[in-house]
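Student: Below is one structure. I have some questions about it.
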Amino acid sequence: MSRRIFAPLALSLAFACGAPEGSDAGSTEDASIDGGSVTDAGAMDAGPAGDDAGTTDASADTDAGTDTDAGTDTDAGVDTDAGTETDAGTDTDAGTGTDAGTDAGSDAGSDAGSDAGFDAGTDAGMDAGFDAGMDAGFDAGTDAGFDAGRDAGGGPWYDVSPSTGPRGRHGAVMAYDPVRRVMVLFGGSNSSTSYGSDTWEYDGAAWTQRMPATTPRGRNDAVMAYDPVRSVMVMFGGANSSTSYGSDTWEYDGTDWTQRSPATTPRGRHGAVMAYDPVRSVMVMFGGSNSSTSYSSDTWTYDGTDWTMLSPATTPRGRNDAVMIYDPVRAVMVMFGGANSSTSYGSDTWHFDGSDWTELTLSPVPRGRHGAVLAYDATRGVSVLFGGSNSSTPYGSDTWEYGPSGWTAITTAVTPRGRNDAVMAYDPDRGVHVLYGGANSSTSYGSDTWEL
């Protein structure tokens, strides 16, 4: 396969984004290590198009909560899953999200005990499936086509999957470390009961699994972004089961993970969004969920010491699995989409300037969705969105850009197979977006690596 060669670019910051309460004492260790390589072959897939029409709704819905959470979980696992795929077709449709109704009561209820599973006892065995072949179907070709045939014919997307790498998963977190010039990936899931706690790095040529002395408990749908002032990854929350949602804060310095103990902590959640604001030197986190019917609309900042809940005059509707990045040209957070129920997917675009949220009226817009990926291209000054799902198009394969003139659908000769809950971040040193993994069905989890 032909590969593009990118001239080195001046170092610039790159930021990435991706998600209730209790106390946790103790540490657990998983010693299961599995290795091997798998080649998946299949057919070309063309992504369907879908339409999503409705209205967007802004309402104030804030929830406060504090909790502290301590505990470590060490999980070492090597899984080599190589594969390629081809998926042609565009999936571009415009519409507005269906955000009807109010959020009154959506965050109601106590978080007492909601983290009991996440924060109590050991998760011995919780990662056993993840590291013992629970994604056997994916790696044995049951989703023939997801990792199918290396791309030929060019186009802006390139399948660059190395021969070895992380096992297939969805709901991981990934961000770029500009000091060490690597993508850092953590966790994710490949079944309803399997939550990874492995740490990987990608340098543009190969994936390497790291073996830190201390490791956060396995989880999916957490949030993580890079703090360039303190040169650490910051990770918060995530799910360790269908009813267990973390409220723990961790930092990774490239060598080891360290759990922080802020005085104030957001309620546990998964599916929030978070990005770093370099103007105010804080992480900004919004939304997420801690049940199938509770969607938060609270805004928090983290300064490296403590979390602070903000009280903006205007607040987007509660949601999970939206996408958000920091746009340095506008000096705002840009948030798009997300889910407010199992059938309601937003197509609304919001800006946050550090004080208040503003909804933009744009046309065209991507169809409403959740579980997409969004990353800021510091070279061209645009944000790139890919994939996601809604009820009419379960796994999107469309590519959009958001720039000064709004949203623009991008037609590509070759595109990754449709998916949701993948991870993507921008590498400013090589001038490429890196996309990894995601789900293409309830049992099919990708281990492919793409660059745009």
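Yes/no per residue for (1) within 20 Å of Asp177 (Cβ to Cβ); (2) among the acidic types (Asp, Glu); (3) surrounded by 24 or more Cβ atoms within 10 Å (Cβ to Cβ):
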residue	(1), (2), (3)
Gln259	yes, no, no
Ser296	no, no, yes
Thr301	no, no, no
Met333	no, no, yes
Gly337	no, no, yes
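Student: Where residues in the range 434-452 are assigned to a loop (DSSP other than H, G, I, E, B) and open to solvent by 10 Å² or more (accessible area, probe 1.4 Å), which of them is nearest to Glu401 (Cα to Cα)?
Tutor: Leu452
Student: Same structure, new question: Taking the criterion of being farther than 19 Å from Leu385 by Cβ and touching a Lys or Arg at 6+ places or on another chain (Cβ under 6 Å), would at least one residue in the range 316-326 satisfy it?
Tutor: Within the range 316-326, not a single residue is farther than 19 Å from Leu385 by Cβ and touching a Lys or Arg at 6+ places or on another chain (Cβ under 6 Å).
Student: Hey, another quick one. I'd like the residue in the range 403-426 that is in a loop (DSSP other than H, G, I, E, B) and out of contact with any Phe, Trp or Tyr (no Cβ under 7 Å at 6 or more places or on another chain) and, out of all such residues, is most open to solvent (accessible area, probe 1.4 Å).
Tutor: Step by step, filter the range 403-426, then rank; the result is Pro404.
Student: Scan the range 424-438 and give yes if some residue there is hydrophobic (A, V, I, L, M, F, W, C), modelled with pLDDT under 95 and within 17 Å of the chain's Cα centre (by Cα), otherwise no.
Tutor: Checking the range 424-438: not a single residue is hydrophobic (A, V, I, L, M, F, W, C), modelled with pLDDT under 95 and within 17 Å of the chain's Cα centre (by Cα).
Student: So which of Asp298, Asp303, Asp327, Asp253 is within 25 Å of Ala422 (Cβ to Cβ) and in contact with a strand residue (DSSP E or B) (Cβ under 9 Å, 6 or more places away or on another chain)?
Tutor: Criteria check complete, one pass: Asp327.
Student: Would you tally the residues in the range 383-402 being in a strand (DSSP E or B) and at pLDDT below 95?
Tutor: Residues meeting the conditions: 1.
Student: Pairs please, first residue from the range 174-191 and at positive phi, second anywhere and in a strand (DSSP E or B) and open to solvent by 10 Å² or more (accessible area, probe 1.4 Å), Cβ atoms under 7 Å, 6+ apart in sequence or on different chains.
Tutor: Gly187/Tyr195; Gly187/Asn220; Gly188/His170; Gly188/Asn220
Student: Among the residues of the range 362-380, are any β-branched (Val, Ile, Thr), at pLDDT 95 or above, within 19 Å of the chain's Cα centre (by Cα) and within 17 Å of Ile410 (Cα to Cα)?
Tutor: Yes, the range 362-380 contains a residue that is β-branched (Val, Ile, Thr), at pLDDT 95 or above, within 19 Å of the chain's Cα centre (by Cα) and within 17 Å of Ile410 (Cα to Cα).
Student: Residues in the range 354-377 that are closer than 21 Å to Asp277 by Cβ and open to solvent by 40 Å² or more (accessible area, probe 1.4 Å): how many?
Tutor: Of the residues in the range 354-377, 5 are closer than 21 Å to Asp277 by Cβ and open to solvent by 40 Å² or more (accessible area, probe 1.4 Å).
Student: While we're here: Output yes when any residue across the range 385-394 is crowded, with 24+ Cβ neighbours inside 10 Å, in contact with a Ser or Thr (Cβ under 6 Å, 6 or more places away or on another chain), under 24 Å from Ser342 (Cα atoms) and not charged (D, E, K, R), and no when none is.
Tutor: For the range 385-394, residues crowded, with 24+ Cβ neighbours inside 10 Å, in contact with a Ser or Thr (Cβ under 6 Å, 6 or more places away or on another chain), under 24 Å from Ser342 (Cα atoms) and not charged (D, E, K, R): present.
Student: Any residue in the range 427-442 that is of a type in the set (D, E, K, R) sitting within a Cβ distance under 8 Å of a residue that is in a strand (DSSP E or B)? List the pairs, counting only those 6 or more apart or interchain.
Tutor: Close Cβ pairs satisfying both conditions: Asp427/Tyr176; Asp427/Met183; Asp427/His433; Asp427/Val434.
Student: Can you confirm whether Met211 is at pLDDT 95 or above, under 15 Å from Trp257 (Cα atoms) and open to solvent by 10 Å² or more (accessible area, probe 1.4 Å)?
Tutor: Yes.
The values are calculated or read from the model by the stated rules, or taken from the named source; none is laboratory data. In this text the structure is predicted, and so the values were computed from the model without any measurement. Cβ: placed from backbone, ideal geometry, glycine included. Neighbour counts: every protein chain shown. Side chains included, ligands, DNA and RNA excluded: accessible areas come from the protein's heavy atoms. Shrake-Rupley method; radii C 1.70, N 1.55, O 1.52, S 1.80 Å.
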